[in-house]
Amino acid sequence: MPPIALTLGPVFFHWPAERLKDFYFRIADEAPVDRVHLGEVVCGKRMPFSDPVWPDLIERLERAGKEVVLSTLATPMTARERRSIEDLCGDSRLVEINDVTALPSRTGKPFVSGPFVNVYNGATAQFLIRRGAQTICPPVELSLAHIAAIARTCPDTEFEIFAFGRLPLALSGRCYHARLHGLHKDSCQFTCEQDPDGLVVDTLDDQSFLAMNGVQTMSAQVQAVMLPPAEFAAQSVRRLRLSPHTCDMVQVARIYRSLLEGNEEPERARVLLSNLDLPGALVDGYARGRAGAEPVASP
Amino acid sequence: MELVCPAGTPATLRAAVQAGADAVYCGFRDETNARNFPGLNFSPQEMAEGIRFAHDHGSKVLVAINTFARADNIDPWRKAADTAAASGADAIIAADIAVLDHMATNHPGTRLHLSVQAAAATPEAIGFYADSFGVRRVVLPRVLSVQEIAALNRAITVETEAFVFGGLCVMVEGRCHLSSYATGKSPNLNGVCSPPEAVNYVEDGAGTMAQLAGFTIDRYEAGKSTGYPTLCKGRFKAGGKTGYLFEDPVSLNAGSMIVAFREAGVTALKIEGRQRGKGYVTEVVRAFRKAVDAVEQGGTPTEIDSILASMSEGGRQTTGAYRKTWR
């Protein structure tokens, strides 16, 4: 049984360049993750801020022995955004596609199919594998049982589950941060930068429910899928994806690594996780085939 | 321009055809289509009869098989596609690569339309579906402005279909998991959004709370009429503000933009509402039939507006993302 790998997903939030640098330098030096995704996935308007910092970060991470994956935009609209996808798809590194827009320019070269691409069954997975998909991270609403059913039909492909972080639930043409501040998307003033983990959306009776992040809507709660390594392997899961937040992600990675090495039981790992400064309570309903907001079975 | 109208039942199909639909769209009575509600949709026999009726009256039938095939059993989707093709459907509307691939391989003679659930909004994405499966028409996501649609049409070789009336999804369709996050049931997997079995109205001293799977989606004062708790159109609190943070409880009416759609190169206009009754469908289809005919004959926007005026009363309406200011 090959060891289960740890992936650090792309940062979904609008972090300033300095924060990105500090974050990834520390990941390079300290985080026990095998693969690191870099790139702007949520909003093309943010790209001019982060684009200049990626080359240094790629070099630093690769020198530290991490495999770097370049993540592409999930909802490209403008000509500039489409060109940036095409440019990234030409790179010799592994690329994560998050929209079918990237497929024509990446076909024939290895890619990761990200959680924004609708892979719901084996036939779709096999179609993408024939075009170069090497790792598939299915949509977050799929249960582990369904992911296992897909994985069984393509045994040579790595399946990755969204194991940690606020769940990416929806994307829109409209920017909700701008709307909240009485602005339009075209003149948004980048107010999403004020909320480095997204802004919690409560119900009218003050229950934390969702989180807004520009054009993206996320869960307010934090997904935390934790199983003994043998159970992950039995479900054909070969990678766990950890989605970056402002909490101590090195520590998050260490907790998951201990879990995967069998040094920590899931229950204790969850306690360790919940002791960190997380943006919300732990949920894992989707993995169990339930509503995504259902709290973890044994907190 | 082709007027594409909803048919949730055989009776609505006949009503839409008689009211002047160029095409109706409908689905089978199961999870293979995105309006999987009790009491709606067609058995294979009803589908075959509906297609015969429509063809006898000069209308087309487009069969929606537009949810994503289930990982542990893809057969119902393949069977639905086979049945639709055998019944003489004029096109299959699909979103899942598995369904599109099955159609292209096994029924190359049947026209394929790309469902809005596939969320294809760029020339590259649309080109991929056209090249890979021979898709002939794309139903556009409701997040593009008319200017963007015009630019898109200049860059692609397939037809486009735009929603003109009915529901308004504010999230990119086919990539929204809000419903399954709260209720466990989703558009992509189950063909439902904010499903009725998860809805609960709770009375307290001050009024009524509309809840979805225990989450309060909106609150109404005593005596006020309550709305349906569709997740993205609820009232929430964030950043010290309370209100409809994603979208107001409005529906889409882009009737005032028919001329603009035509100028943007849109081939077909789609009316949403497969869950609606015969009377509603008749009224809406008739009005849009007149408006589209007026546009085709060079009518003015004022004339079109007056034809559609009766439909703007009552419920709140918007032209959504078609006007850029919506964002």
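Could you check how many residues of region A:240-259 are under 19 Å from the mean Cα position of the chain (by Cα) and within 18 Å of A:Ile161 (Cα to Cα)?
Total satisfying the criteria: 13.
Within region A:273-294, can you find the residues that are aliphatic (A, V, I, L, M), more than 10 Å from chain B (Cβ to nearest Cβ) and open to solvent by less than 50 Å² (accessible area, probe 1.4 Å)?
Just the residues of region A:273-294 that are aliphatic (A, V, I, L, M), to begin with: A:273, A:276, A:278, A:281-283, A:287, A:291, A:293.
With the extra rule that they be more than 10 Å from chain B (Cβ to nearest Cβ), the set shrinks to A:273, A:276, A:278, A:281-282, A:287.
If the condition is that a residue be aliphatic (A, V, I, L, M), more than 10 Å from chain B (Cβ to nearest Cβ) and open to solvent by less than 50 Å² (accessible area, probe 1.4 Å), then A:Leu273, A:Leu276, A:Leu278, A:Leu282, A:Ala287 are the ones that fit.
Could you run through region A:94-134 and say how many residues are β-branched (Val, Ile, Thr), touching a helix residue (DSSP H, G or I) at 6+ places or on another chain (Cβ under 8 Å) and within 16 Å of A:Ala151 (Cβ to Cβ)?
Of the residues in that region, 3 qualify.
Could you list, in sequence order, the residues of region A:152-167 that are over 30 Å from B:Tyr244 (Cβ atoms) and within 9 Å of another protein chain (Cβ to nearest Cβ)?
The one that is over 30 Å from B:Tyr244 (Cβ atoms) and within 9 Å of another protein chain (Cβ to nearest Cβ): A:Thr153.
Scan region A:91-110 and report the pairs whose first residue is more than 7 Å from chain B (Cβ to nearest Cβ) and whose second residue is open to solvent by less than 20 Å² (accessible area, probe 1.4 Å) and among the polar types (S, T, N, Q), with Cβ atoms within less than 7 Å and a gap of 6+ or a chain change.
Correct list of pairs: A:Val95/A:Thr72; A:Glu96/A:Ser71; A:Glu96/A:Thr72; A:Ile97/A:Thr72; A:Ile97/A:Ser113; A:Asn98/A:Ser71; A:Asn98/A:Thr72; A:Ala102/A:Thr72.
Does B:Ile149 meet the test of being β-branched (Val, Ile, Thr), at pLDDT 95 or above, crowded, with 24+ Cβ neighbours inside 10 Å and not in a loop (DSSP other than H, G, I, E, B)?
For B:Ile149, the condition - β-branched (Val, Ile, Thr), at pLDDT 95 or above, crowded, with 24+ Cβ neighbours inside 10 Å and not in a loop (DSSP other than H, G, I, E, B) - is not met.
Tell me which of these B:Thr67 doesn't satisfy, since it passes every other one: (1) within 14 Å of chain A (Cβ to nearest Cβ); (2) among the polar types (S, T, N, Q); (3) surrounded by fewer than 24 Cβ atoms within 10 Å (Cβ to Cβ); (4) farther than 26 Å from B:Ile258 by Cα.
(3)
Please verify whether B:Val61 is of a type outside the set (Ser, Thr, Tyr), more than 27 Å from A:Glu141 (Cα to Cα), at pLDDT 95 or above and not in a helix (DSSP H, G or I), treating the condition exactly as stated.
Here the answer is yes, as B:Val61 does meet what is asked.
Please go through region B:72-89 and pick out each residue that is part of a loop (DSSP other than H, G, I, E, B) and either surrounded by fewer than 24 Cβ atoms within 10 Å (Cβ to Cβ) or modelled with pLDDT under 95 (or both).
Within region B:72-89, B:Asp72, B:Ile74, B:Ser87, B:Gly88 qualify.
If you go through region B:12-52, how many residues are on the phi > 0 side of the Ramachandran plot, touching an Asp or Glu at 6+ places or on another chain (Cβ under 8 Å) and open to solvent by 10 Å² or more (accessible area, probe 1.4 Å)?
Summing the residues that are on the phi > 0 side of the Ramachandran plot, touching an Asp or Glu at 6+ places or on another chain (Cβ under 8 Å) and open to solvent by 10 Å² or more (accessible area, probe 1.4 Å) in region B:12-52 gives 0.
B:Lys237 - would you say it is outside any strand (DSSP E or B) and either assigned by the TED database to the domain that holds B:Lys185 or in contact (Cβ under 8 Å) with a residue 12 or more places away in the chain (or both)?
So B:Lys237 fails the test.
Name every residue in region B:240-261 that is free of Cβ contacts under 8 Å to residues at least 24 places away in the same chain and of a type in the set (Ser, Thr, Tyr), in order of residue number.
Listed by number, the residues that qualify are B:Thr242, B:Tyr244.
Can you go through A:Ala102, A:Ala64 and tell me which one is at pLDDT 95 or above, of a type in the set (Gly, Ala, Ser) and within 20 Å of A:Gly44 (Cα to Cα)? Give the steps one after another, and end with the answer.
Details: A:Ala64 fails: within 20 Å of A:Gly44 (Cα to Cα).
Checking each option against the conditions leaves just A:Ala102.
Would you please name the residue that is most open to solvent (accessible area, probe 1.4 Å), looking only at residues in region A:129-150 that are within 11 Å of chain B (Cβ to nearest Cβ) and part of a loop (DSSP other than H, G, I, E, B)?
Here the residue is A:Arg131.
Checking B:Ser180 against (1) of a type in the set (S, T, N, Q); (2) facing chain A (nearest Cβ under 10 Å); (3) surrounded by fewer than 24 Cβ atoms within 10 Å (Cβ to Cβ): exactly one of these is not met. Which one?
Just one mismatch for B:Ser180, condition (3).
If I ask for residues that are among the aliphatic types (A, V, I, L, M) and at pLDDT below 95, which ones from region B:14-40 would you list?
Passing the criteria: B:Ala34, B:Leu40.
Only one residue in B:Glu263, B:Glu272 is within 19 Å of the chain's Cα centre (by Cα) and either more than 14 Å from chain A (Cβ to nearest Cβ) or open to solvent by 30 Å² or more (accessible area, probe 1.4 Å) (or both), so which one is that?
On inspection, the qualifying residue turns out to be B:Glu272.
Pick out the one residue from A:Asp87, A:Asp34 that is more than 14 Å from every other protein chain (Cβ to nearest Cβ) and either free of Cβ contacts under 8 Å to residues at least 40 places away in the same chain or more than 29 Å from B:Gly174 (Cβ to Cβ) (or both).
Testing whether each residue is more than 14 Å from every other protein chain (Cβ to nearest Cβ) and either free of Cβ contacts under 8 Å to residues at least 40 places away in the same chain or more than 29 Å from B:Gly174 (Cβ to Cβ) (or both) leaves just A:Asp34.
If A:Pro2 meets every condition in (1) loosely packed, with under 15 Cβ neighbours inside 10 Å; (2) closer than 21 Å to A:Ser243 by Cα; (3) touching a strand residue (DSSP E or B) at 6+ places or on another chain (Cβ under 8 Å) apart from one, which number is that one?
Result: A:Pro2 passes all but (2).
Do we find that B:Thr226 is under 30 Å from A:Gly214 (Cβ atoms) and among the polar types (S, T, N, Q) in this structure?
No; evaluated as a whole, the condition is false for this residue.
Within region B:154-169, can one find any residue that is at pLDDT below 95, under 22 Å from B:Met103 (Cβ atoms), open to solvent by less than 10 Å² (accessible area, probe 1.4 Å) and more than 12 Å from chain A (Cβ to nearest Cβ)?
No, the conditions are met nowhere in region B:154-169.
Count, please, the residues in region B:25-59 that happen to be basic (Lys, Arg) and within 19 Å of B:His113 (Cα to Cα).
Going through region B:25-59 one residue at a time, the tally reaches 1.
Restricting region B:187-231 to residues that are open to solvent by 20 Å² or more (accessible area, probe 1.4 Å) and in contact (Cβ under 8 Å) with a residue 40 or more places away in the chain, which is nearest to the other protein chains (Cβ to nearest Cβ)?
B:Leu189
The values are calculated or read from the model by the stated rules, or taken from the named source; none is laboratory data. Note that this is a predicted model, so its numbers are computed, not measured. Using ideal geometry, Cβ is built from the backbone for each residue, glycine included, and neighbour counts are taken over all protein chains shown. Just the protein is used for accessible areas: all its heavy atoms, side chains included, with ligands, DNA and RNA removed. Shrake-Rupley method; radii C 1.70, N 1.55, O 1.52, S 1.80 Å.
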